[in-house]
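Okay, structure first, notes after.
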């Protein structure tokens, strides 16, 4: 349990990034350079006493097999300070935190192209649906930049192969395909403009010279769309967190007791967080609260990541075994449950980290509100219900081993689904950046998707399609 007083210099991270985000298309490209430079400077300030070491084969202190930057606190202590899951270095290489190493080490893995991006996503160095989508967008844009000077047909083949490889990295998180489609839409639009200019250029040497320089322009369009996805996520998650805060239960003068599953903070979402972002807003508002942190077997995202993030922000919390949640609820020690989502189907069924469905069943049994906190980018209106959501199955050693140490007999058969599906009937509300949505969820989700598309533009959200009888999202 964390009982230390909050550190304002760490807590301001959430408000600062949400409050200063630039969302307009005209400003976003310039703003990303500013934040890129700031992130590099703040990395050192937030990780006071930490010295970066470039690691590689044979480098002293480097984790075996790690490639990238290893940061360790003085005296070998665990790393501290708040971090987003990725940042750019001066050379336009995307540095992605290897979340598998936390909380013991802070290792940043370099991503130079879409294939690197797919690898860190598939191997769960980066995880959390929103962060997966952002890393996918940025790594695809890096591939576009590497192919900028290739002949048009070669460039097209390179970019489309890279997009296909990325989209197949993990099947359940809908943000992955959503982000890849957005960057590819920007690529297609820029390439079409280039083709039109080339057609004119066949009879105009001056236009031909201009058209010949469009490879970098196409790559720049891809990067601008990827940057836009990142900045929209920061703003959207800040909006979502404020909406979620507005519907937290009123428990009078005593502390509010919240239970969360898996990890939904900045490491999983980008810069702010979804379910954990709601908790941070409550903390900033100085509401007395205490967070029960499910350890989240078998990958232990709660124990390794959520507990670490809450400790950095000074939020009181207690880590519990997943199987202890029922006893807490039966004892009346949980006021609300907040979870994220990797995919929300059109009817409101939700795929989230395995173990979410049992919590929803227990919440219904004990009369506890169950909140799903998910941006519209995680909504899949093309999938009718949870039965149609593909559920990823992971490697057996995630269950038979704990951080490399075997805990089950060799050869033990394992079923290891990474997600389960919570039926819409068990969900109290779905909190989005467009408001708090109440059942029936399908018309509310479609209206929220329309609202976001209207606010952001036609390519910024899921394809909502017609929705007769849609209603506006319930006011927060």
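The values are calculated or read from the model by the stated rules, or taken from the named source; none is laboratory data. Note that the structure is a prediction, hence the values are computed from the model and not measured. Please note: Cβ atoms are built from the backbone with ideal geometry, for glycine as well, and neighbour counts cover all protein chains shown.
Numbers for the structure displayed
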quantity	calculated
Complete set of residues in the range 428-455 that are farther than 23 Å from residue 231 by Cα and outside any helix (DSSP H, G or I)	428, 429, 437, 438, 439, 440
Helices (runs of 4 or more DSSP H) contained in the range 223-323 and holding at least 3 residues in the same structural domain as residue 351 (by TED's automatic domain parsing) and more than 30 Å from residue 415 (Cβ to Cβ)	275-284, 307-313
Top-ranked residue in the range 425-461 [being more than 22 Å from residue 242 (Cα to Cα) and under 22 Å from the mean Cα position of the chain (by Cα); ranked as modelled with the highest pLDDT]	457
Count - residues of the range 277-296 that are free of Cβ contacts under 8 Å to residues at least 60 places away in the same chain and under 25 Å from residue 403 (Cβ atoms)	5
Sole exception among (1) in contact with a helix residue (DSSP H, G or I) (Cβ under 8 Å, 6 or more places away or on another chain); (2) crowded, with 16+ Cβ neighbours inside 10 Å for residue 442, by number	(1)
Filter pass, residue 170 being touching a residue at least 24 places away in the same chain (Cβ under 8 Å), under 15 Å from the mean Cα position of the chain (by Cα) and farther than 15 Å from residue 97 by Cα	yes
Pick from the range 375-417, criterion in a loop (DSSP other than H, G, I, E, B), touching a strand residue (DSSP E or B) at 6+ places or on another chain (Cβ under 7 Å) and touching a residue at least 24 places away in the same chain (Cβ under 8 Å), ranking: surrounded by the most Cβ atoms within 10 Å (Cβ to Cβ)	375
